[in-house]
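Chemist: Got a structure here, written out as structure tokens. Questions coming.
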Amino acid sequence: MKNLIRLIDTLNESLGRWISWLALAMVLVMGLIVVLRYAFQVGSIALQESVMYLHGLFFMLALAFGVAQDSHVRVDIVYSQLTAKRQQLINLVGHCAFLLPMALLILTTSLPYVNASWRVLEGSSEVGGIPAVFILKTLLPISAVLLILQGTASCARLTRQLLDSDQ
């Protein structure tokens, strides 16, 4: 079990390091769009949409990385004052009661949506846009699966930590 947890953590951390470069790519492409538009009066719908694609890739794939790094948003008013054991218990309950059910809901409800998009190879609604909206929509179930994997690994780790601290 420990090796499986380590494997899932490594997967999401490696993915997180890789996608961090997408933030730089987003900035560079946005800078290029601005320079082309204002210096050369040239516009490109595909280039503008590529920023949306990079943004979607970045955030959808970074969700599980945030859980792996324990950097997700929480109400910290009371949490920071608690003991490590109580924080672990809150994280475990939060993962089991909120994270995993929501990720499972996203996965199950997005599959028909993504399937329909793939059937017609959905493209951009803009003329000259990127003809790959179906690929962008595929990020929904992928991010849900990554969240389920990371949430399960985090639950197993938190459970082990809680049980080890009782002894």
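Chemist: About its Cα centre, how strong a charge dipole does the chain have in debye, to the nearest 20, once Lys and Arg get +1 and Asp and Glu get -1 at the Cβ?
Modeler: Dipole about the Cα centre, nearest 20: 240 debye.
Chemist: Could I ask something else about it? Given 10 °C and 1.306 mPa s, how large is the Stokes-Einstein diffusion coefficient of the chain in µm²/s, with Rh as the Kirkwood radius over Cα pairs?
Modeler: Answer from the Stokes-Einstein relation: 87 µm²/s.
Chemist: Hydropathy first: keep DSSP H helices in the chain averaging at least 0.0 on Kyte-Doolittle, then drop any whose Cα extent along the axis falls short of 30 Å, and list what survives.
Modeler: 2-40, 45-68, 139-166
Chemist: Take the alpha-carbon centre of the range 87-106, take the same for the range 30-70, and report the distance between them in whole Å.
Modeler: Comparing the Cα centres of the range 87-106 and the range 30-70, I get a distance of 30 Å.
Chemist: Return the carbon/sulfur percentage of the accessible area of the chain, one whole number, probe 1.4 Å, all protein chains in place.
Modeler: Carbon-and-sulfur percentage of accessible area, whole number: 71.
Chemist: If each residue of separation counts as 0.36 nm, what is the full-extension length gain between T10 and A39 once their alpha-carbon separation is subtracted?
Modeler: Values: separation 29, 0.36 × 29 = 10.44 nm, distance 4.39 nm.
Between T10 and A39, full extension yields an extra 6.1 nm.
Chemist: Here is a follow-up. For the range 19-167, report the accessible area per residue in Å² (1.4 Å probe, heavy atoms, rounded to an integer).
Modeler: 61
Chemist: Once you treat every alpha carbon in the range 84-167 as an equal point and sum by Debye, what is log10 I(q)/I(0) at q = 0.10, 0.19, 0.21 Å⁻¹?
Modeler: So the normalised log intensities work out to -0.39, -0.81, -0.89.
Chemist: Give me the percent relative contact order of the chain, please, defined on Cα pairs under 8 angstrom at least 6 residues apart. Walk me through the numbers before you get to the answer.
Modeler: Values: 158 pairs, mean separation 53.6, N = 167.
Dividing the mean separation by the residue count of the chain yields 32 percent.
Chemist: Could you compute the FRET efficiency for F98 and V51, with r as their C-beta to C-beta distance and R0 at 35 Å, rounded to 0.05?
Modeler: 0.70
Chemist: Per-residue accessible area for L100 at 1.4 Å probe radius, Å² rounded to 10?
Modeler: 40
Chemist: Using 0.36 nm per residue of separation minus the Cα-Cα distance, give me the extension gain between A156 and L24 in nm, one decimal.
Modeler: Here the answer is 44.1 nm.
The values are calculated or read from the model by the stated rules, or taken from the named source; none is laboratory data. Here the structure is a predicted model, which is why all the values come from computation and not from measurement. Cβ coordinates were reconstructed from backbone atoms using ideal geometry, including for glycine residues, and neighbour counts include every protein chain displayed. Ligands, DNA and RNA are excluded from the accessible area calculation, which covers all protein heavy atoms including side chains. Shrake-Rupley method; radii C 1.70, N 1.55, O 1.52, S 1.80 Å.
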